[in-house]
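The values are calculated or read from the model by the stated rules, or taken from the named source; none is laboratory data. Quick caveat: nothing in here was measured; it's all calculated off a predicted structure. All Cβ positions, glycine included, derive from the backbone under ideal geometry; neighbour counts span all protein chains shown.
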Amino acid sequence: MKVLVVDDERDIQTLFEQRFRKEIRDKVLDFVFAFSGEDALKYLNDHEHEAVLILSDINMPGMSGLELLAHIKQKYMKPPPVVMMITAYGDAENFNTAKELGADDFLTKPVDFTLLKEKLKVIS
């Protein structure tokens, strides 16, 4: 399963590659990383329908994760990717906005990778 991770913190790539080492090696998961909302949209435009799951940070410079979510849900409907929003702020406002925009799930930082792995098993 192709997973697009969108976060302005570049160390997130190393973290995901460490935590999902076995799944990557066994070719169960294939991660692609974008470090801005704009980069994520470019990737999606160039590789339409390739990403099955998108994990996006909410608070990023430039295009926020919520703006990215709105673009994804408007443009990529068939088949729609699963979009999980990730934020350091587990506040009700971000949660409600993300749900209204069509987010499929909501995670808080630091990411609980055991929980995330369980959620990924359900999707795949």
Within the range 50-79, count every residue that is farther than 20 Å from Gln13 by Cβ, of a type outside the set (Ser, Thr, Tyr) and surrounded by 14 or more Cβ atoms within 10 Å (Cβ to Cβ).
7
Is there any pair with a first residue in the range 69-94 that is within 16 Å of Asp105 (Cβ to Cβ) and at pLDDT 85 or above and a second that is hydroxyl-bearing (Ser, Thr, Tyr) and part of a helix (DSSP H, G or I) whose Cβ atoms are under 7 Å apart and which are 6 or more apart or on different chains, and what are they?
none
Do any residues in the range 1-23 that are part of a loop (DSSP other than H, G, I, E, B) and surrounded by 15 or more Cβ atoms within 10 Å (Cβ to Cβ) have Cβ atoms under 6 Å from those of residues that are among the polar types (S, T, N, Q) and at pLDDT below 95, where the two are at least six apart or on different chains, and which pairs are they?
Met1/Ser124
Candidate set: the range 81-124, residues that are surrounded by 11 or more Cβ atoms within 10 Å (Cβ to Cβ) and among the hydroxyl-bearing types (Ser, Thr, Tyr); chosen: the one farthest from Val5 (Cα to Cα):
Thr97
